[in-house]
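The values are calculated or read from the model by the stated rules, or taken from the named source; none is laboratory data. Since the structure is predicted, the reported quantities are computational estimates derived from the model, not experimental observations. Cβ sites come from the backbone with ideal geometry, for glycine too, and all protein chains shown count toward neighbours. Only protein heavy atoms, including side chains, enter the accessible area calculation; ligands, DNA and RNA are left aside. Shrake-Rupley method; radii C 1.70, N 1.55, O 1.52, S 1.80 Å.
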Amino acid sequence: MSTPRPPYDDWLRLDPRTVLVSALVVAGVVAGAALPAALGLSNWLGLPGGVLAVLGAGLLVIGVAAGADRVRWHRTRYRIGEERVDLHTGLLLVKRRSLARSRIRTVDLTANLLLRLLGLVTVRIGTGEQGGDSTLELDPVTRAEGERLRRLLLERATTAPAGVHRDGELAVLDPRWIRYAPVSFVAPMLGGAAVGAVMQISEWVGAQGEVIAWVGDRFRDTPLLWTIVILVLAALVAGVVGALGLWIEMWWNYRLEREPGGTIRVRRGLFTSRSISVEEARLRGVDLVEPLGVRLFGAGRLDAITTGLAKDKESRNADHNTVLPVVPRPRADSVAAAILREEATPTGAPLTRHPRAARGRRLRWSLAAALAPVLLLTVLGALLTPVLLWIALGCAAVFLPLAVALALDAYRNLGHALSGRYLVTRSGTLRRSTAALERAGVIGWTVRQSYFQRRAGLLTITATTAAGGGAYTAYDTDAAEGLTFAAEAVPGLLEPFLERGGRPAP
């Protein structure tokens with residue numbers, strides 16, 4: 001029976017199976033390139049000679065990659081000390097990196113399909129600061145070692161904050177949530193990417209003309225308008241299939257839980273598993289994000305507003321702050337309340353409406369953006385061809401009503417409020433965001449007032465914070481009301497800069 005490791009370790013090594021992982025990955029790449037390379041070489045060496053040449057080159061590449069990774073494994077070691085985490089690596093130029101344990105904010109575990117089959121994980125230890133020196137990566141270690149490191153480095157002597165919600169499961173995957181995947185902006189983007197991929201690959205193999213001719217033959221007797229409609233629908237179907245597959249890969253096996261000691265943990269992923277931990281001591285609020293498509297179906301996703309999430313180059317686009325996928329709005333509100341240990345979520349608090357002057361500003365902006373291409377086409381049509389005039393008319397018929405609808409929706413979505421320990425701001429139309437930021441997390445205010453805002457009696461006020469996006473804004477509030485909102489949210493922070501009557505001091 002093995003004895004447990006002491007809390008502070010001597011120098012340890014990565015798992016030696018990293019060499020096998022590197023060899024298998026490179027072998028997969030080589031296999032993908034082997035067939036076209038063999039066919040190309042067969043023109044000079046014959047088919048048997050081409051196959052032998054590719055096989056020899058492939059084995060050489062795999063051997064070099066495995067040997068290089070063997071050297072990396074031999075020269076890499078790490079240590080968990082009482083005060084610091086150290087990582088030494090490198091052959092000729094040895095790199096020694098160290099993180100203070102008191103500054104560690106994240107210990108994330110990731111494993112692709114190959115690592116999962118071998119029982120391995122990649123551990124990313126970060127302080128949440130900018131720059132590559134704020135993160136240490138152990139790639140790979142055993143899953144048991146990864147879990148041990150996560151518990152050891154995130155443990156704190158402080159107790160969990162008091163609240164009305166107990167530890168344990170906060171949310172678990174409901175397969176019905178997948179119905180929101182096709183109505184996101186990802187579906188049309190993936191559809192366009194699929195069309196682009198088909199055209200690019202056909203160009204690589206010299207068959208792009210044949211592909212276009214084949215499509216033309218299928219629609220030879222179909223009117224042009226219906227041809228365009230059918231092709232767009234086909235691209236959307238491909239995008240929907242891609243969006244469903246991407247959702248399954250990202251969110252399968254999803255589980256959100258609060259661990260003893262005050263850590264929020266998200267686990268998810270079908271082929272590539274991910275484990276992301278957020279300390280409640282670093283949690284400053286939540287952001288209910290509702291893109292237009294899913295908002296029409298009464299749904300939204302939940303992001304954590306927290307300090308110390310990974311911000312380095314490799315993890316910047318990894319959705320590290322999303323704690324709940326797109327779900328029905330009532331479910332998102334209940335999970336937000338559970339995460340914040342509140343009876344009712346502040347994201348559902350009644351908001352103060354903004355003045356009608358804010359609506360006028362949005363209407364003017366939207367109409368200007370819609371009229372710009374229409375006016376350009378009109379001028380070009382008058383100078384060049386009447387066809388452009390008809391196109392301008394069609395654009396005006398489509399874009400102007402759409403611009404008005406989006407502007408009115410953007411105005412309806414404006415709002416701000418104070419709800420217990422949190423200040424709440426809401427804005428956006430294509431992407432509506434309702435952010436509930438802990439008032440104690442506000443470190444400053446930025447007040448902006450343009451000439452036109454001043455004439456309309458409006459201003460824009462932004463709460464700055466070290467958490468989340470760094471700034472949360474109430475756009476085009478009534479001037480006096482916005483300043484009062486900021487002064488009440490964080491008493492004593494804004495008053496020195498105000499005159500009597502709530503106006504900004506010169």
Of all residues in the range 441-468 being touching a residue at least 40 places away in the same chain (Cβ under 8 Å), among the small types (G, A, S) and outside any strand (DSSP E or B), the one that is farthest from P346 (Cα to Cα): A456
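Consider the range 72-98. How many of its residues are part of a helix (DSSP H, G or I) and open to solvent by 60 Å² or more (accessible area, probe 1.4 Å)? Spell out how you get there, then give the answer.
At the first step, the residues of the range 72-98 found to be part of a helix (DSSP H, G or I) are 72-74.
Narrowing further to those that are open to solvent by 60 Å² or more (accessible area, probe 1.4 Å): 72, 74.
Summing the residues that are part of a helix (DSSP H, G or I) and open to solvent by 60 Å² or more (accessible area, probe 1.4 Å) in the range 72-98 gives 2.
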Which listed residue, of P140, P175, P182, is open to solvent by less than 10 Å² (accessible area, probe 1.4 Å) and either among the aliphatic types (A, V, I, L, M) or at pLDDT 85 or above (or both): P140
Within the range 102-135, tally of residues that are modelled with pLDDT of 85 or more and in contact with a Lys or Arg (Cβ under 6 Å, 6 or more places away or on another chain): 6
Flag for L423 being under 30 Å from A486 (Cβ atoms), outside any helix (DSSP H, G or I) and modelled with pLDDT of 90 or more: yes
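Answer yes or no as to whether V107 is touching a residue at least 60 places away in the same chain (Cβ under 8 Å), touching a helix residue (DSSP H, G or I) at 6+ places or on another chain (Cβ under 9 Å) and more than 20 Å from P16 (Cα to Cα).
On the way: touching a residue at least 60 places away in the same chain (Cβ under 8 Å): yes; touching a helix residue (DSSP H, G or I) at 6+ places or on another chain (Cβ under 9 Å): yes; more than 20 Å from P16 (Cα to Cα): yes.
It is true that V107 is touching a residue at least 60 places away in the same chain (Cβ under 8 Å), touching a helix residue (DSSP H, G or I) at 6+ places or on another chain (Cβ under 9 Å) and more than 20 Å from P16 (Cα to Cα).
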Residue under evaluation G381, criteria (1) more than 30 Å from L283 (Cβ to Cβ); (2) buried (at least 17 other Cβ atoms within 10 Å of the Cβ); (3) within 30 Å of the chain's Cα centre (by Cα), criterion not met: (3)
Subset tally (residues that are more than 19 Å from D333 (Cα to Cα), crowded, with 19+ Cβ neighbours inside 10 Å and aliphatic (A, V, I, L, M)) for the range 426-455: 1
Hey, L170 at negative phi, touching an Asp or Glu at 6+ places or on another chain (Cβ under 7 Å), surrounded by 12 or more Cβ atoms within 10 Å (Cβ to Cβ) and at pLDDT 85 or above or not: yes
Any hit, the range 388-401, residues being buried (at least 18 other Cβ atoms within 10 Å of the Cβ), farther than 16 Å from A370 by Cα, in contact with a helix residue (DSSP H, G or I) (Cβ under 6 Å, 6 or more places away or on another chain) and at pLDDT 90 or above: no
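Name the one entry in G261, G196 that is out of contact with any His (no Cβ under 7 Å at 6 or more places or on another chain), open to solvent by less than 60 Å² (accessible area, probe 1.4 Å) and on the phi > 0 side of the Ramachandran plot. Lay out the reasoning, then the answer.
Working: G196 fails: on the phi > 0 side of the Ramachandran plot.
Of the residues listed, the single one that is out of contact with any His (no Cβ under 7 Å at 6 or more places or on another chain), open to solvent by less than 60 Å² (accessible area, probe 1.4 Å) and on the phi > 0 side of the Ramachandran plot is G261.
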Segments classed as strands (runs of 3 or more DSSP E), wholly inside the range 260-312, with at least 3 members that are among the small types (G, A, S): 273-279, 299-306
